[in-house]
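Read-outs throughout are calculated quantities, based only on the coordinates presented, and are distinct from any laboratory measurement. Nothing here was measured: the structure is a model prediction, and the numbers come from that model. Backbone-built Cβ (ideal geometry, glycine too); neighbour counts: all protein chains shown.
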Amino acid sequence: KETVVSGIRSTGKLHLGNYYGALKNFVQMQHDYNCFFFIADLHSLTTHPTPANLHGNVRQVLVEYLACGIDPELSTIYIQSDVPEVTELYLYLNMNAYVGELERSASFKDKVRGNPDNVNAGLLTYPVLMAADILIHKATKVPVGKDQEQHLEMARTFGNRFNRLYNSDYFPEPFAFTYATNLVKVPGLDGKGKMGKSEGEGNVINLSDEPEVIRKKVMRAVSDGGPTVENQPKPEPIQNLFDLMKVVSAPDTLAHFEALYNQCAIRYGDFKKQLAEDMILATAPIRERMQVIAADTDYLKKVAAIGREKGRESASKTVREVRELIGFRSF
Ligand code: TYM
């Protein structure tokens, strides 16, 4: 069986972008592959969470993983900071990651633009830590959304450089994976760009949002005065709403509103109502399971402990072999 690794940063509630970009694939893949799904709490440190927030957010993601259907009997679920071997491999990989290429990464440039007062070195080397996450289990498939594509390319670069430096073929090449035709990019509700927390709460639909909240957010989503000429391409905010409908609604629902749009007969009120109801249908079972799982601290502890054990077993084997390749010898 091929090995799969993926993680989600613990920075708060998970949203539809995380679900359709990543989690939905996680759940499906666990039947076919040897899967490791972790909670990227070390990556969340770039934005300096308080100790209480850090723990609460890790717990939140763990609950959401389980509620979405990741099964600890099938997959290894662990918390990144519980597996310190990852940070050791990160250090080794940092030795052949070049500052120039890290500075040129699109996500780093975005972060610098978004928060010029907090350009810490952890942000710069973020893709190296991510490569360590993947290479530590010698994974070949990484289920992620479109926004992570460049990071996967960097992970391949760092793994290949290590192989070349130590004259080995130790690390296999990891590739982004999805069961969909293309890597998924779920748009937000603000009319521009992807769904993401940094764009504000009104831009995202969380898996834990109550039906009323979902309806309100969708009704407020950016739209326009409606089409006036038949069969024209859609402006970005409208295309985004259609793209959202494409991920949550049935194909004939989408086709119905596409046809209305093309005939200039669409009523955005009806369209948004349908979109909101389909989002509610998609998320309600997850939200309900979250409430049950969140109340069971003993279960969460057990899952984290088992995952830690299995995660470390795999990771320590890699680190042992990597040390050997690098030339560390004990006296
Ligand atoms: P993060 O925490 O930002 O997002 C987690 C996953 O959700 C996907 N995603 C989206 N997909 C489609 N549309 C969206 N609007 C959207 N928003 C988020 C992301 O593509 C991702 O798959 N660096 C990673 C976490 C990470 C990781 C790893 C992933 C750390 N180490 C190793 C894979 C392997 C990140 O920040 O994702």
* To do: Starting from the Cα of residue 103, move 7 Å in the Cα-to-Cβ direction to define the label point; list residues of region 140-172 whose amide nitrogen is under 18 Å from there.
  => none
* **Residue (of 118, 143, 221) at the positive-pole extreme of the chain, dipole from beta-carbon charges** => 118
* Structure fact -> Out of 15, 256, 151, a Gaussian network model of the chain with alpha-carbon springs under 10 Å gives the largest mean-square fluctuation to 256
* Does anyone have the angle between helix 149-165 and the longest principal axis of the chain? Alpha-carbon axes, 0 to 90°, nearest 10? -> 10 degrees
* Asked: How high is the relative contact order of region 217-293, in percent, with contacts defined as C-alpha pairs under 8 Å that are six or more residues apart?
  -> 40 percent
* How much length is gained on full extension from residue 291 to residue 229, taking 0.36 nm per residue of separation minus their Cα-Cα distance? -> 17.6 nm
* Asked: Which value, in debye to the nearest 20, gives the size of the charge dipole of region 171-225 about its Cα centre, when Lys and Arg are +1 and Asp and Glu are -1 at the Cβ?
  -> 120 debye
* Asked: Using a Gaussian network for the chain with springs between C-alpha atoms less than 10 Å apart, which of these wobbles most: 173, 153, 101?
  -> 101
* Please list the radius of gyration and Dmax for the chain, considering alpha-carbon atoms only, with Å as the unit. => 21.3, 79
* Asked: Picking from 315, 262, 291, whose Cα lies most toward the positive end of the charge dipole for region 254-331 (charges on Cβ: Lys, Arg +1; Asp, Glu -1)?
  -> 315
* Structure fact -> The FRET efficiency for residue 150 and residue 96, from their Cβ-Cβ distance with R0 = 25 Å and rounded to 0.05, is 0.90
* Structure fact -> The lysines whose Cα lies under 22 Å from the Cα of residue 197, excluding any fewer than 8 residues away in the same chain, are 13, 24, 109, 111, 146, 185, 216, 217, 246, 272
* Structure fact -> In degrees, nearest 10, the alpha-carbon axis of helix 85-94 is tilted away from the dominant principal axis of the alpha carbons of the chain by 90 degrees
* Student exercise, the chain dipole from Lys, Arg, Asp, Glu Cβ charges, in Debye to nearest 20 -> 400 debye
* Asked: Once both axes come from the Cα atoms, what is the angle between helix 236-248 and the longest principal axis of the chain, in degrees from 0 to 90, rounded to 10?
  -> 70 degrees
* Which of the chymotrypsin sites (Phe, Trp or Tyr not before Pro) across region 134-199 are loop residues per DSSP, with 11 or fewer other Cβ within 10 Å? -> 179
* Virtual paramagnetic centre 7 Å along Cα→Cβ of residue 265, amide N under 17 Å, in region 230-249 -> 230-232
* Approximate spin-label separation residue 50-residue 273, in nm, with each point projected 7 Å along Cα-to-Cβ -> 4.3 nm
